[in-house]
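Working notes, structure below.
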Amino acid sequence: MKCLNQLYEGKAKKVFCTDDPEVYLVRYKDDATAGNGAKKGTIRGKGAINNLVTNHLMKMLETKGIPTHFIEQLSDRETLVKKVEIIPLEVIVRNVAAGSLAKRLGMEEGTKLSHTVLEYCYKDDALGDPMVNEYHIAALGAATPDELQQIADYSFKINEILTEYLKEVNIELIDFKLEFGRDSNGKVILADEISPDTCRFWDTRTHAHLDKDLFRRDLGGEEEAYQEVKKRILGE
Ligand code: UDP
């Protein structure tokens, strides 16, 4: 693989170009941040776990009709993905009240939501990723109405598929964040990652946190929890 110029370094991943203009290489890091970068640290082994978990789930989603950016895993930490133009939205899907929703609506964390909740945040670190609605999104030109409809349809479908899939390994999917991109044909496809960094995973029986909340809230045990998620999802 020639041409490994770094294009971008994010909080948890680096992105490189490859000799194919339609293909990027993603390298996952162990760096962890919370509170929009206010808290910094590392979770040993996280990069490899998030890479393997994301690829496993994206491959599974592809078999169920969700187009994703996944191409090929190169190593524990490195994956080839389709080049996309990231749509600057964080799409949050919620089944159970937790985190910022529990706080904002005064609901006790762990309360089952009678309807699945979809939220959008505008991806802008300087603004602290503010929550936006479909009117803001149109006014910002972040996505067209058709793209947003596609994003919502995919997000609900992904939620159904993942919830069922994770139930089998005793993980309750509380909430999660997705990002989508436009491929070279302008088609909306799933991008970024699906991992304990971007999802709240609770043990079905004990409700123990198996995700980044252990780090965010200084609860400890995050390395073991990430390993446990990998073991349950990849079965190894
Ligand atoms: N999330 C994420 N990146 C963000 C914000 C949220 O991956 O920048 C995920 C988070 O892991 C959780 C869901 O989105 O699974 C909902 O997060 P919430 O809005 O409750 O924010 P938090 O409480 O994490 O600040």
Note on the stretch 120-141: residues within 16 Å of the ligand (Cβ to nearest atom) and surrounded by fewer than 18 Cβ atoms within 10 Å (Cβ to Cβ) are TYR122, LYS123, ASP124, ASP125, ALA126, LEU127, GLY128, ASP129, PRO130, MET131, ASN133
Of all residues in the stretch 174-190, count the ones that are over 8 Å from the mean Cα position of the chain (by Cα) and either away from the ligand (no atom under 16 Å from the Cβ) or surrounded by fewer than 21 Cβ atoms within 10 Å (Cβ to Cβ) (or both).
-> 9
Would you point out the residue of the stretch 191-209, among those that are within 10 Å of the ligand (Cβ to nearest atom) and of a type in the set (S, T, N, Q), that is nearest to GLY110 (Cα to Cα)?
-> THR198
Scope the stretch 71-87; condition open to solvent by less than 50 Å² (accessible area, probe 1.4 Å), touching a residue at least 24 places away in the same chain (Cβ under 8 Å) and either within 13 Å of the ligand (Cβ to nearest atom) or closer than 22 Å to LYS230 by Cα (or both); matching residues = GLU78, THR79, LEU80, VAL81
Note on the stretch 107-119: residues surrounded by 14 or more Cβ atoms within 10 Å (Cβ to Cβ) and not charged (D, E, K, R) are MET107, LEU113, THR116, VAL117, LEU118
Strands (runs of 3 or more DSSP E) wholly inside the stretch 1-82 that include at least 2 residues being more than 13 Å from ASP192 (Cα to Cα) = 6-9, 13-17, 31-34, 39-42, 70-73
Could you check how many residues of the stretch 191-233 are aliphatic (A, V, I, L, M) and open to solvent by 40 Å² or more (accessible area, probe 1.4 Å)?
-> 2
Residues of the stretch 58-70 that turn out to be in contact (Cβ under 8 Å) with a residue 60 or more places away in the chain and either touching an Asp or Glu at 6+ places or on another chain (Cβ under 9 Å) or not hydrophobic (A, V, I, L, M, F, W, C) (or both), as a count | 6
Just checking, how many residues over the stretch 51-88 are under 13 Å from ILE161 (Cβ atoms) and among the small types (Gly, Ala, Ser)?
-> 1
Just name the residue that is farthest from the ligand (Cβ to nearest atom) out of those in the stretch 93-110 that are in a loop (DSSP other than H, G, I, E, B) and touching a residue at least 40 places away in the same chain (Cβ under 8 Å).
-> GLY110
Looking at GLU90, is it surrounded by fewer than 17 Cβ atoms within 10 Å (Cβ to Cβ) and outside any helix (DSSP H, G or I)?
-> no
What pairs can you find where one residue is in the stretch 165-188 and closer than 23 Å to HIS115 by Cβ and acidic (Asp, Glu), the other is away from the ligand (no atom under 16 Å from the Cβ) and not in a strand (DSSP E or B), and their Cβ atoms are less than 8 Å apart, with a gap of 6+ or different chains?
-> GLU172/THR204
Per the filter on the stretch 24-57, residues more than 15 Å from the ligand (Cβ to nearest atom), more than 15 Å from LYS230 (Cβ to Cβ) and not basic (Lys, Arg) are TYR24, LEU25, VAL26, GLY41, THR42
Extreme residue, most open to solvent (accessible area, probe 1.4 Å), among residues of the stretch 1-32 that are modelled with pLDDT of 95 or more and hydroxyl-bearing (Ser, Thr, Tyr) | TYR24
Mind counting the residues in the stretch 188-212 that are in contact with a Lys or Arg (Cβ under 8 Å, 6 or more places away or on another chain) and more than 15 Å from ASN50 (Cβ to Cβ)?
-> 4
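The values are calculated or read from the model by the stated rules, or taken from the named source; none is laboratory data. Only a predicted model underlies this, so the values are computations on that prediction, with no experimental measurement involved. Every residue, glycine as well, gets a Cβ built from its backbone with ideal geometry; the counts of neighbours run over all protein chains shown. Accessible surface areas use protein heavy atoms only, side chains included; no ligands, DNA or RNA. Shrake-Rupley method; radii C 1.70, N 1.55, O 1.52, S 1.80 Å.
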